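Working notes, structure below.
The values are calculated or read from the model by the stated rules, or taken from the named source; none is laboratory data. None of these values were measured; they are calculated from a predicted model. Glycine also receives a Cβ, built like all others from the backbone with ideal geometry; neighbour counts cover every protein chain displayed.
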Amino acid sequence: MSDAEVLIVGAGPAGLTAATYLARFRRRVLVADGGQSRACWIPVSHNMPGFPQGITGDAILRRMTEQAVEYGAVIEAGRVDALARDGGDFVARLNGREMRTRAVLLATGVTDHHPDLPGVERAIERSLVRICPICDGYEAIDKAVAVIGTDEKGAREAAFLRTYSDRVALIHIGRPEDLACGDELERLGIELIRAPIDNVRLEADRVTALSWGGTFRSFDLVYSALGTSPNAGLAEGLGARTGEDGRLFVDAHQQTTTPGLYAAGDVVRGLNQIAVASAEAAVAATDIHNRLRQADGLIVPPKAGRPEHRA
């Protein structure tokens, strides 16, 4: 496929959901798969709707890929390294060639800032290190839990985890002045451990930390609260608006402030969840299809004085 009506950048849950919808709308859709989705880090998801026994991230992506391809979506490995407007269309550079498309959906996600610890990727696969308490906090019930953070984001995440355990600690590896809520942590029953990252160890089935004061602690698991970086560079190059956190602003139909450029999933300001990403992608795909129908004169316009309603 040299050109496509719709280009989707990113082959995670948001991108693959949009691909299925658009393909079933009989649109020529190309998905640029730039590499491993953040979802592939999920050892087992227990809050994915329809899978009460849990499902791995790899299995989620495999099923969603098969579904999109079944209806005619084309998935191509490679990164879109340039995106520009050309009249009412977009021109993207993918794998050394230029392609024209009528609409673009960015499902580029975010990049996690993992703690700088030897073996951290393997520890994530084993659920010893975790990145989303909303996803799997339930599995931490009554366990000894630590949160690694550099600022008050770590404190907020530790407070959230008190929902599940009364044995929660914050390992603060940042500057002392970046954490000014010590009294609140004590009130919530959260132990504060000030330690450099070099004093944190990932062992076979435990996480250990040695504080500046020489106190030794051991935990069943640790959450990283070191933040993320949104992958919004393509949108910013087209003047799309982002917030202070670098995520994209979108309207009720997932369109960015750049007409014809949509976004869904973690790159959008909101909740980093597969169910949310898929819902946003469905909304975006439907609006893209209807806008293209409108541009082609294939809709019945609303009567004067009545608000437009989109299917």
Exercise. Can GLU203 be described as surrounded by fewer than 14 Cβ atoms within 10 Å (Cβ to Cβ), free of Cβ contacts under 8 Å to residues at least 60 places away in the same chain and either charged (D, E, K, R) or out of contact with any helix residue (DSSP H, G or I) (no Cβ under 7 Å at 6 or more places or on another chain) (or both)?
Worked result: yes
For this session: Mind listing whichever residues of the range 45-57 are more than 15 Å from the chain's Cα centre (by Cα) and not aliphatic (A, V, I, L, M)?
Result: HIS46, ASN47, PRO49, GLY50, PHE51, PRO52, GLN53, GLY54, THR56
Problem set entry | Close pairs (6 angstrom Cβ cut-off, 6 or more residues apart or separate chains): assigned to a helix (DSSP H, G or I) in the range 267-280, of a type in the set (Ser, Thr, Tyr) and modelled with pLDDT under 95 anywhere | none
Exercise. Among the residues of the range 45-64, is any assigned to a loop (DSSP other than H, G, I, E, B), in contact with a Lys or Arg (Cβ under 7 Å, 6 or more places away or on another chain) and either surrounded by 16 or more Cβ atoms within 10 Å (Cβ to Cβ) or touching a residue at least 60 places away in the same chain (Cβ under 8 Å) (or both)?
Worked result: no
For this session: Taking ASP81 as the residue in question, decide whether it is surrounded by fewer than 18 Cβ atoms within 10 Å (Cβ to Cβ), acidic (Asp, Glu), in the same structural domain as ALA282 (by TED's automatic domain parsing) and not in a helix (DSSP H, G or I).
Result: yes
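Residue-wise test of (1) assigned to a helix (DSSP H, G or I); (2) modelled with pLDDT of 95 or more; (3) crowded, with 24+ Cβ neighbours inside 10 Å; (4) touching a helix residue (DSSP H, G or I) at 6+ places or on another chain (Cβ under 6 Å).
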residue	(1), (2), (3), (4)
MET1	no, no, no, no
GLU5	no, yes, no, no
ALA11	no, yes, yes, no
GLY15	yes, yes, yes, no
ARG26	no, yes, no, no
